[in-house]
Every structure is written in C-alpha cells, then in structure tokens.
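The values are calculated or read from the model by the stated rules, or taken from the named source; none is laboratory data. Keep in mind the model is a prediction, meaning the values are calculated, not measured. Glycine also receives a Cβ, built like all others from the backbone with ideal geometry; neighbour counts cover every protein chain displayed. Ligands, DNA and RNA are stripped out before the accessible areas are found, and what is left, the full protein with its side chains, is counted by its heavy atoms. Shrake-Rupley method; radii C 1.70, N 1.55, O 1.52, S 1.80 Å.
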Amino acid sequence: MIAKVLVLLCILSVSCAQKTPVFIYYESLCPDSQAFVTKQLYPTMKDLKDYVDLHLIPFGKSSYRTQGSDTIFDCHHGEIECYGNKIHACAISHIQVDSFQMEHTRESLIVDYITCLMGGVFKDEAYADLAKECATRTQVKKFESIENCANSTEGSDLLKEMGEKTNKFQQPLKSVPTITIRESFDLQVQQDSLNDFARTVCIHLPKPTPNVCRTYNAATSIQAFTALFTVLIAAALHLMK
Ligand SMILES: *[C@@H]1O[C@H](CO)[C@@H](O)[C@H](O)[C@H]1NC(C)=O
C-alpha cells in the first residue's frame with residue numbers, strides 16, 4: 001500500500017524522480033583524477049546534483065593486506081596518497097551540513113570539499129594542512145573528526161571498504177579515474193565522461209531530461225555548425241583557386 005502511494009506521488013512529482021547512480025573510482029594524488037574532478041565533476045554536479053546519485057571511491061590502483069588487526073596499504077602514488085585517500089574516505093563518511101548551510105546538501109558539500117582537495121597544493125608532504133585549509137575554505141565543520149578518523153583505524157577501515165568496492169568492480173583497476181554511469185563499465189561512457197561529463201550524464205538520464213541538458217546540446221550544435229561552416233568556406237576557397 002505504502003509503495004503504491006509512493007509510486008503515485010512519484011508520478012505526480014518530478015522532484016522524486018530516481019537519481020541515476022554514478023561511480024567515480026579515483027586516487028587523491030593522480031593528476032588525471034585531479035583534472036577530472038576539478039574540470040568535469042565539479043561543474044557537472046553544480047548543474048545536475050538533483051539527478052545524480054554520486055559514489056566517490058578514492059582507492060584506484062592501490063592494494064591492501066591485513067597484518068593481525070592492522071591493514072597495510074600500498075598506494076599508486078606512495079605513502080602520502082594513502083593518507084590522502086583516508087582523508088577523502090573519512091570526509092565522505094563524516095561531512096554533515098548544519099541548519100545554517102541551507103545552500104548545501106551533504107552531497108554538495110562533499111563535492112566542494114573533495115574538489116578543493118583535488119585542486120590544492122601542499123608543501124613538505126603535509127596533506128593534513130591542505131585538508132584543514134580546504135575545510136576552512138569550503139566551510140566544512142568539525143574538521144577534527146575527519147583528521148582523527150584519517151589518523152586512526154577508522155580511516156584504515158573506511159579505506160579498506162573503498163578497496164573492497166574497487167576490487168569487486170574490477171581488479172586490478174585498469175584506468176584511473178574510472179567513471180561508470182550505473183554499475184557496469186562501458187568504454188564509451190568512460191571516454192565520453194573524460195571529455196564532456198555533463199553531456200554524457202545527460203545522455204544517460206531517464207527521459208524527460210532536465211532543461212539544463214539542452215544547453216549542453218546547444219553548445220554542441222553550435223560547435224558542429226561552426227565546423228560545418230569552416231569546411232564549406234574551405235571548399236569554396238578551394239574552388240575559387
Ligand atoms: C595526523 O596525521 C598527519 C599525517 O601523518 C599529521 O601531519 C597530523 O599532525 C596528525 N594529526 C593529529 C591530530 O594527530
């Protein structure tokens with residue numbers, strides 16, 4: 001009965017449309033991941049956050065083994081990346097919005113914070129300083145809880161969960177970042193996402209697609225038109241020779 005009522009409400013209201021799951025497998029110190037998060041993911045989530053159920057999985061090509069009660073990580077870009085990945089995993093689990101942050105959802109604040117980390121520079125291996133600076137800049141409250149998590153077994157446990165998710169998806173991960181829309185890997189989605197993530201997400205959203213998606217298509221038609229125009233001019237010039 002409740003389910004039927006929910007379905008009816010969903011038909012009546014666009015706002016309860018199901019979000020489309022998107023998975024990003026990445027690494028904190030990987031330049032391609034940094035470029036993707038800052039240039040593609042961040043602007044896309046600004047426009048499409050109501051349509052995307054984002055899963056950030058900071059682990060990439062790392063590996064882990066257990067030694068007694070400890071988990072030992074071996075990360076693609078070294079020790080500091082392991083610490084960075086723990087900060088990310090802890091932030092994803094700990095960030096909360098308070099009642100004064102009305103412009104944010106938990107998810108949008110996480111995206112802001114992760115984007116700041118991925119676009120940031122840090123000196124002398126001090127990733128913790130960058131993490132703190134980003135918390136101030138993006139107004140993430142209670143940074144201590146993120147740092148304490150990253151510096152303790154809680155951080156190791158959370159990073160290990162990210163490792164389990166990554167391995168379950170693909171072991172070893174072939175490329176970083178790997179992007180999937182819904183659960184399974186698709187080479188076309190991967191390549192298109194790296195070039196134009198917003199448009200790629202739009203193509204895979206259930207119909208009717210949100211209005212904002214039209215602006216991406218318009219941009220592409222203008223590009224296509226300009227390309228066609230250039231070819232025509234070139235051909236005309238060639239004929240006139
Ligand atoms: C947490 O660990 C980082 C990196 O090892 C270190 O720089 C920082 O001072 C530690 N913070 C606390 C609160 O122990």
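Which of the residues spanning region 93-106 are under 21 Å from Asn148 (Cα atoms) and in contact (Cβ under 8 Å) with a residue 40 or more places away in the chain?
Ser93, His94, Ile95, Gln96, Asp98
Conditions: (1) farther than 17 Å from Ser93 by Cβ; (2) surrounded by fewer than 18 Cβ atoms within 10 Å (Cβ to Cβ); (3) within 14 Å of the ligand (Cβ to nearest atom). Gly120 meets all but one. Number of the miss?
Only one criterion in (1) farther than 17 Å from Ser93 by Cβ; (2) surrounded by fewer than 18 Cβ atoms within 10 Å (Cβ to Cβ); (3) within 14 Å of the ligand (Cβ to nearest atom) is unmet by Gly120, namely (3).
Scan region 146-157 residue by residue and report those that are within 15 Å of the ligand (Cβ to nearest atom) and open to solvent by 50 Å² or more (accessible area, probe 1.4 Å).
Glu147, Asn148, Asn151, Thr153, Glu154
Evaluate the following for Ser184: is it within 16 Å of the ligand (Cβ to nearest atom), free of Cβ contacts under 8 Å to residues at least 60 places away in the same chain and either open to solvent by less than 90 Å² (accessible area, probe 1.4 Å) or assigned to a loop (DSSP other than H, G, I, E, B) (or both)?
The answer is no for Ser184.
Give region 132-164 a look and list any residue that's closer than 14 Å to Asp112 by Cβ and touching a Gly at 6+ places or on another chain (Cβ under 8 Å), or say none.
Glu133, Cys134
When you check Ala89 against the structure, is it within 12 Å of the ligand (Cβ to nearest atom) and open to solvent by less than 70 Å² (accessible area, probe 1.4 Å), yes or no?
No: the conditions fail for Ala89.
Looking at (1) more than 15 Å from the ligand (Cβ to nearest atom); (2) touching a strand residue (DSSP E or B) at 6+ places or on another chain (Cβ under 8 Å); (3) open to solvent by less than 60 Å² (accessible area, probe 1.4 Å), which is the one condition that is false for Thr115?
Tallying (1) more than 15 Å from the ligand (Cβ to nearest atom); (2) touching a strand residue (DSSP E or B) at 6+ places or on another chain (Cβ under 8 Å); (3) open to solvent by less than 60 Å² (accessible area, probe 1.4 Å), Thr115 fails exactly one: (2).
For region 44-63, enumerate the residues that are touching a Lys or Arg at 6+ places or on another chain (Cβ under 7 Å) and outside any loop (DSSP other than H, G, I, E, B).
Correct list: Val52, Asp53, Ile57.
Are any residues in region 58-84 within 13 Å of the ligand (Cβ to nearest atom) and crowded, with 17+ Cβ neighbours inside 10 Å, and if so, which ones?
Glu81, Cys82, Tyr83, Gly84
Being surrounded by 15 or more Cβ atoms within 10 Å (Cβ to Cβ), free of Cβ contacts under 8 Å to residues at least 24 places away in the same chain and within 12 Å of the ligand (Cβ to nearest atom) is the filter here, so list the residues in region 123-145 that pass it.
Passing the criteria: Leu130, Lys132, Phe143.
Any residue in region 103-111 that is open to solvent by 10 Å² or more (accessible area, probe 1.4 Å) and within 13 Å of the ligand (Cβ to nearest atom)?
No, every residue in region 103-111 fails to be open to solvent by 10 Å² or more (accessible area, probe 1.4 Å) and within 13 Å of the ligand (Cβ to nearest atom).
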